[in-house]
C-alpha cells in the first residue's frame with residue numbers, strides 16, 4: 001500500500017489546513033505518465049480496498065472509497081480515450097457499487113454515453129483514414 005495513503009492514521013501525523021498546500025514532483029518515470037503502470041496501480045488500490053488492507057475499517061469505508069473512486073474514474077475515462085474499452089468497462093463495473101453508494105449518479109449514467117461517443121469517434125476516424 002502506498003505510504004501516502006497511510007499518513008492520516010500514522011502516529012505524529014500533522015495536517016495543515018491553512019493555507020491550502022499541495023506539492024508533487026513531476027518526472028518522466030511517473031506512474032501517471034505510463035498508462036500500464038497507472039492501470040496496474042489502480043487495480044492494486046481496488047484489490048487493497050477489497051482485502052481490507054487500508055486503515056480505518058468499516059467506519060472509514062465510505063471515506064476511502066470516495067478518495068479511491070476520485071482517482072479511478074479518470075483512469076477509466078482515460079482507458080476509453082485510448083481505445084482500451086475492456087479495461088475501461090472492467091474498472092467501471094468493478095467500482096459500480098462504490099460509486100452508486102456514494103451517489104455518483106452522473107458518472108454512472110455518463111460513462112456509457114462517453115463510451116459510445118468514443119466508439120463512434122474511433123469508427124469515424126477509421127473510416128477517414
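The values are calculated or read from the model by the stated rules, or taken from the named source; none is laboratory data. Keep in mind that what you see is a predicted model, and the values were worked out from it rather than measured. Quick reminder, even Gly has a Cβ in these numbers, built from the backbone with ideal geometry, and neighbours come from all protein chains shown.
Laid out as a table, the results:
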| item | result |
| --- | --- |
| Members of the stretch 42-65 that are under 16 Å from residue 99 (Cα atoms) and over 17 Å from the mean Cα position of the chain (by Cα) | 60 |
| Output for the stretch 39-52, where each listed residue is part of a loop (DSSP other than H, G, I, E, B) and either surrounded by 13 or more Cβ atoms within 10 Å (Cβ to Cβ) or on the phi > 0 side of the Ramachandran plot (or both) | 52 |
| Residues located in the stretch 101-129, provided they are at pLDDT 90 or above and either at positive phi or not in a helix (DSSP H, G or I) (or both) | 102, 103, 104 |
| Restricting the stretch 86-109 to residues that are without any contact (Cβ under 8 Å) to a residue 24 or more places away in the chain and surrounded by 13 or more Cβ atoms within 10 Å (Cβ to Cβ), the residue that is nearest to the chain's Cα centre (by Cα) | 92 |
| Residues that are surrounded by fewer than 19 Cβ atoms within 10 Å (Cβ to Cβ) and under 14 Å from residue 98 (Cβ atoms), drawn from the stretch 70-85 | 70, 71, 73 |
| Test: residue in the stretch 57-67 that is at pLDDT 85 or above, in contact with a helix residue (DSSP H, G or I) (Cβ under 8 Å, 6 or more places away or on another chain), surrounded by 11 or more Cβ atoms within 10 Å (Cβ to Cβ) and not in a helix (DSSP H, G or I) | no |
| Selection count, the stretch 17-35, where residues are at pLDDT 65 or above, within 23 Å of residue 65 (Cα to Cα) and surrounded by 10 or more Cβ atoms within 10 Å (Cβ to Cβ) | 1 |
